[in-house]
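The values are calculated or read from the model by the stated rules, or taken from the named source; none is laboratory data. What you are looking at is a predicted structure, and each value in this text was computed from that prediction instead of being measured. All Cβ positions, glycine included, derive from the backbone under ideal geometry; neighbour counts span all protein chains shown.
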Amino acid sequence: MIIGIDGGGTKTTGVVVDKQGLVIKMATVGPTNPNSSNRESIWSELTDLFSQLLQGKELSDEDLVFAGISGAESGGKKEWFKDLLVGLLGDKPLITVDNDAITALYSETKGEPGIVCISGTGSIAFGVNEKLERGRVGGWGYLINDGYSGFTIGKDLLEYVFEKYDTGSHKPFPLKEEVLEHFQVKEMSELVPLVYELGKTRDRIASLARVAVERSNQGDELCTSFIEGAARAMLKDIHVLYEKLIKHTTAHDSVPIILTGGIGQHAEAMMVYLHSEARSAGLPFLFKRAALPPIVGTVYAALRETGGKPSDAFITRFEGYFSV
């Protein structure tokens, strides 16, 4: 069997798949991000998850377990999480713990090389080449190189609204009214304590990106400029990663670039800009929005750990489960 685990800060999904690609069982429990949950909590959630997935069945040395865990990239968290899984599942199966970027990538490339750009509350570009060498650009938090994040787009919108307000536009204007409505307040002065509340600044400002994306998709030129600015920053990071990781190591006619996260998934202007600029520069980038959930990537990543590749029949059977 192949067991995939997609763990995050709000929920954790697990899937059991047989060697032919048939989904046997799926289940979802609570958060397992090691940066926001303690060992006891994670142990409890995983115990619940495996109880549902395995229903008492013991694993053998023919079974594969791959966990793509948000927050497991640094500080020895991978090893910590793997030890926890071994404690729960025993040491017979091949157990691998990795970051969630690899599963987001592999959900679309099916274990093949490429680059994934995550543009949600934060942003990061992550890639893998034919030699399984890895690289990243960004992902250092909202104060450092976070140009295509929801935070950056939300901040652009918020700054515009306050700038126009400061220059005398105290009368209602569309973006001002939408920002006030978004935060459910009536006056601009009420926004300040909301966005500066300790520990909530990043998420609250990032939530405004939804307003910018929706307005851009409706043709608003100003909001489109915010989205295009984010796309420009994304393309810069993609190019850096391509040059140092893929250009000289991977034989390719095109390089898959997977966009995921709320911005990349929904901002039409971002995709238009990326296609146009890459084509103009003669870059071999094939942009695609993630269509399948990261849990799919955990299964392809598990196969990759053993040097295996999914057959066409496996892919059809497995992915068919998620397209119903």
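Numbers for the structure displayed
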item	result
Strands (runs of 3 or more DSSP E) contained in the range 14-132 and holding at least 1 residues acidic (Asp, Glu)	94-98
Out of Leu283, Leu274, Leu259, sole residue that is in a loop (DSSP other than H, G, I, E, B) and either in the same structural domain as Ile124 (by TED's automatic domain parsing) or of a type outside the set (Lys, Arg) (or both)	Leu283
Lone unmet requirement of (1) surrounded by fewer than 21 Cβ atoms within 10 Å (Cβ to Cβ); (2) closer than 19 Å to Gly87 by Cβ; (3) touching a residue at least 12 places away in the same chain (Cβ under 8 Å) for Gly56	(3)
Boolean, Ile24 is buried (at least 19 other Cβ atoms within 10 Å of the Cβ) and either modelled with pLDDT of 95 or more or within 19 Å of the chain's Cα centre (by Cα) (or both)	no
Complete set of residues in the range 160-188 that are surrounded by fewer than 16 Cβ atoms within 10 Å (Cβ to Cβ), acidic (Asp, Glu) and in a helix (DSSP H, G or I)	Glu163, Asp166, Glu177, Glu181
Scope the range 258-285; condition out of contact with any helix residue (DSSP H, G or I) (no Cβ under 9 Å at 6 or more places or on another chain) and closer than 16 Å to Val240 by Cα; matching residues	Gly282
Filter result (crowded, with 22+ Cβ neighbours inside 10 Å, farther than 27 Å from His182 by Cβ and of a type in the set (A, V, I, L, M, F, W, C)) within the range 101-159	Ala101, Ile102, Ala104, Leu105, Ile115, Val116, Ala125, Phe126, Val128, Val137
Selection within the range 276-288 - surrounded by 14 or more Cβ atoms within 10 Å (Cβ to Cβ), within 23 Å of Ser216 (Cα to Cα) and over 20 Å from the mean Cα position of the chain (by Cα)	Glu277, Ala278
Flag if Thr32 is at pLDDT below 95, buried (at least 22 other Cβ atoms within 10 Å of the Cβ) and under 20 Å from Ile102 (Cβ atoms)	yes
Unique residue being in the same structural domain as Gly127 (by TED's automatic domain parsing), over 20 Å from the mean Cα position of the chain (by Cα) and modelled with pLDDT under 95 when the list is Ser189, Ser225	Ser189
Which numbered condition Gln265 misses (of (1) more than 17 Å from the chain's Cα centre (by Cα); (2) part of a helix (DSSP H, G or I); (3) without any contact (Cβ under 8 Å) to a residue 40 or more places away in the chain)	(1)
